[in-house]
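Peer 1: Here you go, one structure.
The values are calculated or read from the model by the stated rules, or taken from the named source; none is laboratory data. Owing to the predicted nature of the structure, the values given are computational and were not obtained by experimental measurement. Virtual Cβ from ideal backbone geometry, glycine too; neighbours counted across all protein chains shown. For the accessible areas, the whole protein counts, side chains as well, though only heavy atoms, and no ligand, DNA or RNA atoms are used. Shrake-Rupley method; radii C 1.70, N 1.55, O 1.52, S 1.80 Å.
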Amino acid sequence: MADQILVPASAIRSVRYRALLPQLQALLLGEQDPVAAMANCSAALHQMFRWHWTGFYRVAGDQLVLGPFQGPVACNRIPYGKGVCGTAWAQDRTLVVPDVEAFPGHIACSAASRSEIVVPLHGRSGKVAAVLDVDSSLPDDFGPEDEHGLATLCQLIESLLP
Ligand code: SME
């Protein structure tokens, strides 16, 4: 198994998402454990994009509980409907937040976060079972390309979730 994600010289995001997909597919091939899959997905995203914080929260009852991530320490739990993550879960849709300070109820795990994207993952039940949260230290760092690229990567994990 390769221990490094091969990062294209081009910084163009679509190029990097295209390069990452087959590498992550290979990394997750045959893996049935969702935590292992989320751990390698967050590490691969971190190696490819070097965002400030990249990780997962898992649905547990009426809260999100911190899952595998890369970056500084973060809040352990987020209630349903709270913060960007809890809102993406409650609304069952991807949220792109260009300026976290302008998002009512944003939970500041790190003062360095300026913009954020949260993608819900649906498990076999069809319900939201986890969210992928990515924080950038740059303002307005996420757009449709990230929505599409991250959702495509998350599909590799969704079938492993309850
Ligand atoms: N900012 C998130 C909390 C999680 S940390 O960013 C890792 C939110 O508002 O839900």
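Peer 1: When you scan the range 76-87, do you find a residue that is of a type outside the set (Phe, Trp, Tyr), away from the ligand (no atom under 11 Å from the Cβ) and closer than 30 Å to residue 3 by Cα, even just one?
Peer 2: Checking the range 76-87: not a single residue is of a type outside the set (Phe, Trp, Tyr), away from the ligand (no atom under 11 Å from the Cβ) and closer than 30 Å to residue 3 by Cα.
Peer 1: Also, I was wondering about something else. Looking for something within 16 Å of the ligand (Cβ to nearest atom), assigned to a helix (DSSP H, G or I) and among the charged types (D, E, K, R) - is there at least one such residue anywhere in the range 143-156?
Peer 2: yes
Matching residues to (1) of a type in the set (Phe, Trp, Tyr); (2) free of Cβ contacts under 8 Å to residues at least 60 places away in the same chain; (3) out of contact with any strand residue (DSSP E or B) (no Cβ under 8 Å at 6 or more places or on another chain):
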site	(1), (2), (3)
4	no, yes, yes
9	no, yes, yes
12	no, yes, yes
17	yes, no, yes
39	no, yes, no
53	yes, no, no
59	no, no, no
75	no, yes, no
80	yes, yes, no
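Peer 1: Let me ask something additional. Can you pull out the strands (runs of 3 or more DSSP E) entirely within the range 32-106 that have at least 3 residues that are over 19 Å from residue 162 (Cα atoms), among the aliphatic types (A, V, I, L, M) and modelled with pLDDT of 95 or more?
Peer 2: Result: 95-97.
Peer 1: Keeping to the range 107-125, report how many residues are open to solvent by 40 Å² or more (accessible area, probe 1.4 Å), within 11 Å of the ligand (Cβ to nearest atom) and either in a strand (DSSP E or B) or in contact (Cβ under 8 Å) with a residue 40 or more places away in the chain (or both).
Peer 2: 2
Peer 1: Looking only at the range 52-69, count how many residues are within 11 Å of the ligand (Cβ to nearest atom) and within 30 Å of residue 9 (Cβ to Cβ).
Peer 2: Matching residues across the range 52-69 total 6.
Peer 1: Suppose we filter 112, 129, 90, 102 for residues that are small (Gly, Ala, Ser) and over 21 Å from residue 147 (Cα atoms); which single one remains?
Peer 2: None of the other options fit; the residue is 112.
Peer 1: Report every pair of residues separated by at least 6 positions or lying on different chains whose Cβ atoms are under 6 Å apart, first residue within the range 133-162 and open to solvent by less than 50 Å² (accessible area, probe 1.4 Å) and modelled with pLDDT of 95 or more, second assigned to a loop (DSSP other than H, G, I, E, B) and not charged (D, E, K, R).
Peer 2: Within 6 Å, the pairs are 134/51; 135/52; 135/113; 136/51; 136/52; 161/123.
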